[in-house]
């Protein structure tokens, strides 16, 4: 384990010197004005992360419970004023989870308690978590299945590109290279990933709550991303007006008639969700008018769904919290005790 660090101080997004800290609202303002650029990197990262998450167990709920428990380990480290690097964390044999409260997990993840019980039992059967006396531990050697090597690279790429965008602002300071960000996350892994899970876990929970299950959301997301990329490309080529903020982008997405959609087989190939499952999810969403199907059996985002308000609200919440996460990471790197030397 690395030397103790005062994580409580490091976690403040506004350090003691408020004049030097990066204000979340300022980054949000820049992100709104450059939503095309932000979304381009966000959807690339998020689709890759989600598909990798599904591939671990072929079950989103089990993975969601796992990362919730891993984050409990990160929080326990923070409470003891410690952090671990990427290497030191994954070199541990076991780490204490403290305790597993099924009711608490059910409430926080909005998943029925009996489902949580089954997922926890599965993780025990796989020896990913285990009991030793009265204590419960995370078997670190078993969670190498979810080492976020690719994710760290993609997040670093996003943060580096955003920092290039933000470096024109005097309050931000110099841009940060991708290599520097990768090194920072590796050196301060449990801190960085605790904040990432603070974004990602509620992100997944909101989608699961809206769609009923995360497989349906991933199917819908595969459809939406095709249209989002098409709209971003049109904006870059100045074929359409660039949306002035994230809400405008969402409205443009609904109004923009897709050149073509995506079929069930392609969705299955991208997401790794079995084609039969994809087709079942598509039928339900088509009935609700969340998606449309053309004569070529290709699907696009629906524009008449009664659910559109909920989709829009979730989308705006996600983009704001992604902006907050990036603000936190920049403050950790530039202004906390963990700042880049």
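Values quoted throughout were computed directly from the atomic coordinates according to the rules given, and no laboratory measurement underlies them. Quick caveat, the model's predicted, so the values are computed rather than measured. With ideal geometry, Cβ positions are generated from the backbone for all residues, glycine too; neighbour counts draw on all protein chains shown.
Using alpha-carbon pairs under 8 Å, 6+ residues apart, how would you state the relative contact order of region 72-135 in percent? Value for region 72-135: 27 percent. Remark on region 80-230: ratio of C-alpha radius of gyration to 2.2 N^0.38 Å is 1.26. Panel note: the C-alpha atoms of the chain, placed on their principal axes, show extents of 60, 53, 29 Å (largest first).
In this simple spin-label model, placing a label point 7 Å from the Cα along the Cα-to-Cβ direction at both residue 321 and residue 238 gives a separation of 3.8 nm.
Spin-label model, residue 339 to residue 149: label points 7 Å out along the Cα-to-beta-carbon direction sit 3.3 nm apart.
Among rounded, prolate and oblate, which fits region 31-93 when a ≥ b ≥ c are the square roots of the eigenvalues of its C-alpha gyration tensor, a/c under 1.5 means rounded, and a/b larger than b/c means prolate? Oblate shape, in that a/c is at least 1.5 and b/c is the bigger or equal ratio. Packing, taken as the mean count of other beta carbons within 10 Å per residue, orders the peptides 94-107, 314-327, 186-199, 75-88 from highest to lowest as 186-199, 314-327, 75-88, 94-107. How big is the gap, in Å, between the Cα center of region 87-118 and the Cα center of region 37-78? Rounded to whole Å, the Cα centres lie 14 Å apart.
Summary of the geometry: region 288-341 and region 129-146, compared by the centres of their Cα atoms, lie 32 Å apart.
Under the simplified labelling scheme, the residue 201-residue 229 pair shows an inter-label distance of 3.1 nm, with each label point 7 Å from Cα along Cα→Cβ. Once a ≥ b ≥ c are taken as the square roots of the eigenvalues of the Cα gyration tensor of region 151-202, is the result rounded (a/c under 1.5), prolate (a/b larger than b/c) or oblate (a/b not larger than b/c)? In terms of gyration-tensor shape, prolate.
Taking 18 Å as the cut-off, the amide N atoms of region 206-231 that come nearer than this to a point 7 Å along the Cα-to-beta-carbon line of residue 313 belong to 206-213. Only helical runs count toward this figure. For the chain, summing -39,500 (n - 2.57) over DSSP H runs of n ≥ 4 and dividing by all residues gives -20500 deg cm²/dmol at 222 nm. Maximal additional length on extending the residue 135-residue 115 stretch stands at 5.0 nm, based on 0.36 nm per residue less the C-alpha distance. The value of relative contact order for the chain, using C-alpha pairs under 8 Å at least six residues apart, is 25 percent. For region 163-301, the fraction of C-alpha pairs more than 26 angstrom apart is 44%. Would you kindly give the portion of the calculated P(r) for region 81-161 that falls above 14 Å, as a percent of all Cα pairs? Here the tail beyond 14 Å accounts for 72 percent of pairs.
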